[in-house]
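The structure appears below as structure tokens.
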Amino acid sequence: MKEVVLAVEQLTVHRETYTAVQDVSFSLEAGTDTAIVGPNGAGKSTLVQAILGILPRLAGNVFILGQPLSRKGSLAPQIRQQIAYLPQNFLVDRRIPMTVEELVGLGWDRLGFQVPWANSRKRRHAVRDALAKVDALHLKQQPIGGLSGGETKRVLLAYCLVYPRRLLILDEAPAGLDMRGETEFYQLLYQLKLEEGWTILQISHDLNMVRRHCDRVLCLNRTLLCQGTPEVALSPDSLSAAYGSEFVRYHHRC
Amino acid sequence: MQRAMLGGILTGLMGGMLGSLTILRQLSFFSDALGHSALLGISIGLLLGLNPSVVLLPFAVVFALVVTYLLERTRLWTDALLNIIYSSSLAIAIITLSFVGQYKGGLNNLLFGDILAVREPDLVFSAGLLLVCTIFIGLTLRTQMLLTLHEPLAIARGVSVSAHRTAFIVLLSLVVGISIKAIGILFSAGFNLPSGPSIVATQLAIFLTAMALPRLGVLGQG
């Protein structure tokens, strides 16, 4: 049996006045690609944010690489360093004077107390290699505010792969890209997954992409409605339970 | 004169260091409110018969932490809450000052500062604070950059946002507090806005303009 990279046990998360995620349990084996699908407002982003400790949880346990995530969301730094997260919308203030090289470098750093020039040569090499892998070496000195949507996604992938990671959590990573940009993004992602041996947990609305690439699917609508291979979890019955019967009729007609 | 210059340089360096992050994190108005509330700290000190300089710094730190707590708890917009705090603390300070009677230091000195009145203990404290700021910002520079850029990304990497925010706010309030004496409440409030080095540049520009204007006037008349 493969190593379990992420285990979630009976996770419940409250958001202000309502329960956004209730009693969700699942686990991810090393090297697998798992998609979370479900309608808007189903609690998908809330679930991944609670797994990462960005949002507090009401009940349940999260284990990443065998280590428990504390109630306050803290995790051993060496485990944290092996997780990368790409948020739904990477909205940054375009006026922040930071170059692509500096941003990718932040992915390499272990964020504790350290002098700014620590391991600068190793860091520089790692950043250059990562940017070369995503074909963005020419953007190195560019300010991040001037990047296009596609370039930003490539640079964020470089931020993920600049340090060897085990688990990648993507929250609708290709959001905002056109069809071609999305195809290119997934090509690059899966090529890197093979090279780096990443385990991926991603939120996706693109059910065709999920069918093609993912090993497992979690159908979520506040609670976990079903989980399994794409054939099982994306069957008309499961989809109508998650999205409603109208959606399934529409989806099949398309 | 030397003390004034050294005080100005120390304040400018601290302002530049924290001011850049303050602007990028959109905390300029926060430091503005902090600067104006300092008058409340001073007036409370005077009312209690204490040395205003002694009361000022602890008051600034406590005030900053209370405001941060309120900002985290309230559903009000940040600028609305800061405006309420800023104007009410200023009003209370003026009322309190009216009870104190004639303050011999003079309100003008508080509002505009008196850099020539900077004493040696102030310089020692400024130098110590500059050292603390340099060490803290230097050792956590990468974390500060990621926090400023994208908070969720930093949390996902295990950065404790609340601890960093509190440390930064405490340093900022101390820097604003210490700069009150040199550059006054009105300027210290704006001092994080254009950041330290640009204050020096602005002052230089005003100085040069003041030098040049009479000559231009002479040319104009001739």
For this session: Could you tell me which numbered condition residue A:104 fails, if it satisfies all but one of (1) away from every other protein chain (no Cβ under 11 Å); (2) surrounded by fewer than 17 Cβ atoms within 10 Å (Cβ to Cβ)?
Result: (2)
Problem set entry | Residues (more than 9 Å from every other protein chain (Cβ to nearest Cβ) and among the β-branched types (Val, Ile, Thr)) located in the stretch B:122-173 | B:124, B:132, B:134, B:135, B:137, B:161, B:166, B:169, B:170
Problem set entry | Conditions (1) buried (at least 20 other Cβ atoms within 10 Å of the Cβ); (2) in contact with a Lys or Arg (Cβ under 9 Å, 6 or more places away or on another chain); (3) of a type outside the set (Val, Ile, Thr); (4) at pLDDT below 90; number of the one not met by residue A:181 | (1)
Exercise. Which residue, of A:66, A:60, A:41, A:73, is more than 14 Å from chain B (Cβ to nearest Cβ) and modelled with pLDDT under 90?
Worked result: A:41
Exercise. Which one of these is farther than 18 Å from residue A:221 by Cα and in contact with a Ser or Thr (Cβ under 7 Å, 6 or more places away or on another chain): A:31, A:60, A:66?
Worked result: A:31
Seminar exercise, completed: Checked B:41, B:35, B:7, B:15 against criteria (over 18 Å from residue B:95 (Cβ atoms) and in contact with a Phe, Trp or Tyr (Cβ under 6 Å, 6 or more places away or on another chain)); the one match is B:15
For this session: For the stretch A:109-130, enumerate the residues that are surrounded by fewer than 23 Cβ atoms within 10 Å (Cβ to Cβ) and at pLDDT 90 or above.
Result: A:121, A:122, A:123, A:124, A:125, A:126, A:128, A:129
For this session: Could you please let me know if residue A:43 is on the phi > 0 side of the Ramachandran plot, surrounded by 14 or more Cβ atoms within 10 Å (Cβ to Cβ) and touching a Lys or Arg at 6+ places or on another chain (Cβ under 8 Å)?
Result: yes
Exercise. Residue A:80 is checked against (1) of a type in the set (D, E, K, R); (2) touching a residue at least 12 places away in the same chain (Cβ under 8 Å); (3) surrounded by 13 or more Cβ atoms within 10 Å (Cβ to Cβ); (4) within 30 Å of residue A:143 (Cβ to Cβ) and fails just one. What number does that condition carry?
Worked result: (2)
Problem set entry | Qualifying residue in the stretch A:5-16 (condition: within 9 Å of chain B (Cβ to nearest Cβ), closer than 25 Å to residue B:72 by Cα, surrounded by 20 or more Cβ atoms within 10 Å (Cβ to Cβ) and not acidic (Asp, Glu)) | no
Problem set entry | Qualifying position, being crowded, with 21+ Cβ neighbours inside 10 Å, touching a strand residue (DSSP E or B) at 6+ places or on another chain (Cβ under 7 Å) and within 30 Å of residue A:240 (Cβ to Cβ), among A:35, A:59 | A:35
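The values are calculated or read from the model by the stated rules, or taken from the named source; none is laboratory data. Keep in mind that this is a model prediction, so the values were computed, not measured. Heads up, the Cβs are rebuilt from the backbone with ideal geometry, glycines too, and the neighbour counts pull from every protein chain shown.
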